[in-house]
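Here, each number is a calculation from the coordinates, and none is a lab measurement. Quick caveat, the model's predicted, so the values are computed rather than measured. Using ideal geometry, Cβ is built from the backbone for each residue, glycine included, and neighbour counts are taken over all protein chains shown.
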Amino acid sequence: MTARPLLLLDVDGPLNPYAARLPRPRGYTTTRLHPATWLARQTPGSRSHRRGLRVRLNPAHGAQLTALPYELAWATTWMHEANEMIAPVVGLPADLPVIEWPELFARDPDGLYWKTRPLLKWAAGRPFAWVDDMITARDTAYVAAHHDAPALLLRIHPRRGLRASDFATLTRWAASH
Ligand SMILES: [Mg+2]
């Protein structure tokens, strides 16, 4: 049996197109959620603190993601709250593995995205695809130099979220490895 590559999922950007021009893009639902990391940055008692964070999610994405030949895992500041709050809305299992970041938004000495080093460590040499809106060319170069297995870093525009072309790219990449 061949082990499947990992698919490491960011929430804000790929699943929640937070920069979308429309309040509710086609196929998406809008919910208000209270994730801990976001709440910690709001003024207690403020209107936004009470109302919660507006999140756009596509209920079709769960089935599309689980149909891909990957093992899914969360790579998001939502951490375990992705299983609790995001998974039920998009239709993903609520027990996906979660990357627990040692420090959120940590400054990287070499200008890497703060997720890159802990994510590589977590992947522990396994092939992976990673979808995130903050990946840069620097991260792609770093992963190519420091990860011995194949890796696909796929930057997703936060205005659009995951699109059919991204699912096609992920399918092709998994087939080619
Ligand atoms: Mg993001």
Using alpha-carbon pairs under 8 Å, 6+ residues apart, how would you state the relative contact order of the range 8-99 in percent? 33 percent
Place a point 7 Å from Cα of F167 in the direction of its Cβ. Which residues in the range 27-53 have their backbone N less than 20 Å from it? 27-30
10 Å Cβ shell holding at most 15 others, DSSP loop, trypsin sites (Lys or Arg not before Pro): longest site-free stretch of the chain: 42-106
Determine the principal axes of the Cα atoms in the range 11-67, then give the extent along each, sorted from largest to smallest and rounded to whole angstroms. 41, 23, 14
Viscosity 1.002 mPa s, temperature 20 °C, Stokes-Einstein D of the chain from Kirkwood C-alpha radius, µm²/s: 128 µm²/s
Take every Cα pair under 8 Å in the chain that's 6+ residues apart, average their separations, divide by the length, and report that relative contact order as a whole percent. 31 percent
Label point 7 Å beyond Cα of A19 along Cβ direction - residues of the range 104-133 with amide nitrogen under 17 Å: 113-114, 131-133
With a 10 Å Cβ neighbour count serving as the proxy for reagent exposure, in which order, fewest first, do D12, D148 appear? D148, D12
Out of the range 83-140, which GluC sites (Glu not before Pro) are coil in DSSP terms and have no more than 13 other C-beta atoms within 10 Å? E100, E103
Residue by residue through the range 88-104, what is 3J(HN,Hα) from phi via Karplus (6.51 cos²θ - 1.76 cosθ + 1.60, θ = phi - 60°)? Round to whole Hz and write x for glycine and proline. x, 6, 8, x, 9, x, 8, 10, 5, x, 10, 7, 9, 6, x, 8, 6
Using Cβ counts within 10 Å as a stand-in for footprinting exposure, how do S176, S48 rank, fewest first? S176, S48
Residue-wise, which Karplus ³J(HN,Hα) couplings in Hz belong to the range 110-124, taking 6.51 cos²θ - 1.76 cosθ + 1.60, θ = phi - 60°, and x for glycine or proline? 9, x, 6, 4, 4, 7, 4, 5, x, 5, 4, 4, 5, 5, 6
Once phi is turned into θ = phi - 60°, what whole-Hz ³J(HN,Hα) does the Karplus curve with 6.51, -1.76 and 1.60 give for every residue of the range 40-45, x standing for Gly and Pro? 4, 9, 9, 6, x, x
FRET E, pair D148, R54, Förster distance 35 Å, beta-carbon r, rounded to 0.05: 0.30
Filter the chymotrypsin sites (Phe, Trp or Tyr not before Pro) in the range 16-118 down to the DSSP loop ones having no more than 12 other Cβ atoms within 10 Å, then list what survives. F105
Helix-only CD estimate at 222 nm, as mean residue ellipticity for the chain, using -39500 (n - 2.57) per DSSP H run (n ≥ 4): -7000 deg cm²/dmol
Non-local residues with an amide H under 5 Å from the amide H of I135, with H modelled 1.01 Å from N and Pro and chain starts lacking one, are I156
Measure out, as a whole number of angstrom, how far apart the alpha-carbon centroids of the range 131-177 and the range 13-75 sit. 20 Å
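Summing Lys, Arg as +1 and Asp, Glu as -1, what charge do residues with Cβ under 11 Å from the Cβ of P5 carry, P5 excluded?
Residues close to P5 contribute a combined charge of +1.
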Rounded to the nearest 0.05, what FRET efficiency do E100 and R41 have when you use their Cβ-Cβ distance and R0 = 30 Å? 0.95
